[in-house]
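K.L.:
Please see the structure below; I have some questions.
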Amino acid sequence: MREEISAGGVVVFGNTILLLKKYNGDWVLPKGKVELDESFEQTAIREVYEEASVKVDVIEYLDKIHYTYKNNWEDNNVINKTVYWFLMQAKSMDAIPLKDEGFIDAKFTHIDRCVDLAKYNDEKKIIEKAIKKYNKISKD
Ligand code: ATP
């Protein structure tokens with residue numbers, strides 16, 4: 001069993017959230033692996049920029065999720081993964097998908113559609129949490 005730690009962002013712009021479409025049609029949130037000497041927050045900012053060319057300000061930490069998967073490049077070794085998520089605000093709505101990472105689209109999607117579109121249940125929950133927090137902050 002190997003441990004893997006990543007960080008990513010729920011990136012808000014107005015009433016939209018940034019989703020990335022993978023080559024297989026799955027819609028996911030931007031995230032990536034934490035590098036040496038990097039904070040989770042720095043990773044999340046870097047990955048959003050690398051995967052979608054979107055510059056952000058971090059609003060706050062949201063939560064972490066856990067899942068396991070089998071890596072067929074490593075003899076089906078089980079990977080125990082943790083992903084740390086941050087609520088972020090985009091500086092603009094321009095987004096470009098990073099083709100080299102297998103992303104074919106990057107879109108700010110209306111909050112009413114994001115939860116349905118997102119592929120993974122744990123990402124759906126993070127999006128719901130982000131929307132609640134963002135609405136609360138906007139009201140205060
Ligand atoms: P990273 O973006 O952190 O560099 P990666 O692209 O190397 O990660 P993952 O996105 O973690 O890898 O995908 C590895 C496996 O885990 C795939 O089979 C994918 O379908 C599955 N997976 C990805 N995200 C989730 C999730 N939120 N919940 C459950 N399984 C997931």
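Values quoted throughout were computed directly from the atomic coordinates according to the rules given, and no laboratory measurement underlies them. As the structure is a prediction and not an experimental result, all values here were calculated from the model. All Cβ positions, even for glycine, are placed from backbone atoms using ideal geometry, and neighbour counts span all protein chains on display.
K.L.:
Quick check on the exposure proxy: order 36, 98 from fewest to most C-beta atoms within 10 angstrom. List each step's numbers first, then the result.
P.N.:
Details: 36 4, 98 16.
Ascending number of Cβ neighbours within 10 Å: 36, 98.
K.L.:
So which GluC sites (Glu not before Pro) in segment 11-65 pass both tests, a DSSP loop state and at most 15 other Cβ atoms within 10 Å of the Cβ?
P.N.:
Working: sites: 35, 38, 41, 47, 50, 51, 60; in loops: 35, 38.
Here the sparse-neighbourhood loop sites are 35, 38.
K.L.:
Quote the charge dipole size of segment 1-124 about the Cα centre in Debye, to the nearest 20; the model charges only the Cβ of Lys and Arg (+1) and of Asp and Glu (-1).
P.N.:
On the way: 16 positive and 23 negative charges, 74 e Å.
Here the size comes out at about 360 debye.
K.L.:
Got a sec? How would 1, 88 order by Cβ neighbour count within 10 Å, fewest to most? Please report the intermediate quantities before stating the final value.
P.N.:
Working: 1 7, 88 29.
Taking fewest neighbouring Cβ atoms as first place, the list is 1, 88.
K.L.:
Next up: Over the chain, what is the mean sequence separation of C-alpha contacts under 8 Å (at least six apart), divided by residue count, expressed as relative contact order in percent?
P.N.:
Working: 300 pairs, mean separation 45.6, N = 140.
Here the relative contact order equals 33 percent.
K.L.:
Rounded to the nearest 10 degrees, what's the angle between the helix 121-139 long axis and the longest principal axis of the chain, both from Cα atoms, 0 to 90?
P.N.:
Between the helix axis and the principal axis of the chain, the angle is about 30 degrees.
K.L.:
Taking the Cβ of residue 38 as the centre, find all other residues whose Cβ is under 13 Å away and add up their charges (Lys, Arg: +1; Asp, Glu: -1).
P.N.:
Working: positive: 33, 46; negative: 35, 37, 41, 47, 50.
Result for the local shell: -3.
K.L.:
May I pose another question? Where does the chain land at 222 nm, in deg cm²/dmol rounded to the nearest 500, when only DSSP H runs of n ≥ 4 count, each adding -39500 (n - 2.57), divided by all residues?
P.N.:
Working: 3 runs with 39 residues, N = 140.
Per the formula, -9000 deg cm²/dmol.
K.L.:
Does segment 65-109 come out rounded, prolate or oblate, given a ≥ b ≥ c as the square roots of the eigenvalues of its C-alpha gyration tensor, rounded meaning a/c under 1.5 and, failing that, prolate meaning a/b above b/c? Before the final figure, lay out each step's value.
P.N.:
Working: a/c = 4.31, a/b = 1.74, b/c = 2.48.
Here segment 65-109 falls in the oblate category.
K.L.:
What is the distance in Å between the Cα centroid of segment 69-87 and that of segment 2-41?
P.N.:
That distance is 14 Å.
K.L.:
Restricting to the chain, what percent of DSSP beta bridges are antiparallel, rounded to 5?
P.N.:
Values: 28 of 40 bridges.
Counting only bridges with both partners in the chain, antiparallel ones make up about 70 percent.
K.L.:
Let me ask something additional. Less than 12 Å from a label point 7 Å out along the Cα-to-Cβ axis of residue 39: which backbone N atoms in segment 59-99 qualify, by residue?
P.N.:
59-61
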